[in-house]
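Rule-based calculations on the coordinates, nothing more; no lab input. Small disclaimer: the values here were computed from a predicted structure and weren't measured. Note: ideal-geometry Cβ built from the backbone for every residue, glycine included; neighbour counts use all protein chains shown.
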């Protein structure tokens, strides 16, 4: 058993300086280890969920006003949605390959995910270009402004995901970290990718319903 800490020791602890953060498990008297990467992921997902939820509420209320004019639905948005779905599925399978230590399939899966992520971003930029070329600017209609806002913020989250995907892929290819750690990083990236897909499906569905 670990030595019981005094109140002064508890107050002066700096848990953020360690790789592991211990949280009390009130059911069985044990502790639950949470890596700093998982804690960071949960924090980002929680903050992003609150942010997107506020935008969804604002969108739902604003679309009821009489000056609301629906935007066209470019077919490329459906293709981009399909790309995001495929990338999420590939990430799920790649995480399984990593656990089974199948190096080549894991590496190819990570590379393919990167290709799909960049394809999605390029596809979204093309959608913007198509809409603006037909006069659908952000300043011309409230619905337009919401569309550009939604896709821009979601795109920034994708870029953040690409950054961490790149770091994880580099560590995996160079084998610069232990097996358990790289598997943990791939799992975290996969969860974040699933989260981005869920957010996009909510936003895209809301825009279609409007």
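The range 31-105: percent of C-alpha pairs farther apart than 15 Å?
In whole percent, the share of Cα-Cα pairs in the range 31-105 beyond 15 Å is 78.
Can you compute the modelled spin-label distance between residue 75 and residue 206, with each label point 7 Å from Cα toward Cβ, in nm?
With each label point 7 Å from Cα toward Cβ, the separation is 2.8 nm.
Please find the FRET efficiency linking residue 60 to residue 39, where r is the Cβ-Cβ separation and R0 is fixed at 35 Å, and quote it to the nearest 0.05.
That pair, residue 60 with residue 39, gives E of 0.65.
Which value, in Å to one decimal place, does the Kirkwood hydrodynamic radius take for the range 64-132 when every pair of different Cα atoms is included?
Mean inverse Cα-Cα distance, inverted, gives 14.0 Å.
Starting from the Cα gyration tensor of the range 112-210, take the square roots of the eigenvalues, sort them a ≥ b ≥ c, and report rounded, prolate or oblate (rounded when a/c is under 1.5, otherwise prolate if a/b is larger than b/c, else oblate).
Prolate, since a/c reaches 1.5 and a/b exceeds b/c.
Pairs of Cα atoms under 8 Å, at least six residues apart: use those to get the relative contact order of the range 81-210, whole percent.
34
Consider just the alpha-carbon atoms of the range 36-209 and return their Rg together with their Dmax, both in angstrom.
Both quantities, over Cα of the range 36-209: 17.9, 59 Å.
Starting from the 7 Å offset along Cα-to-Cβ, what nm value, one decimal, do you get for the label separation of residue 133 and residue 119?
About 2.1 nm separates the two model spin labels.
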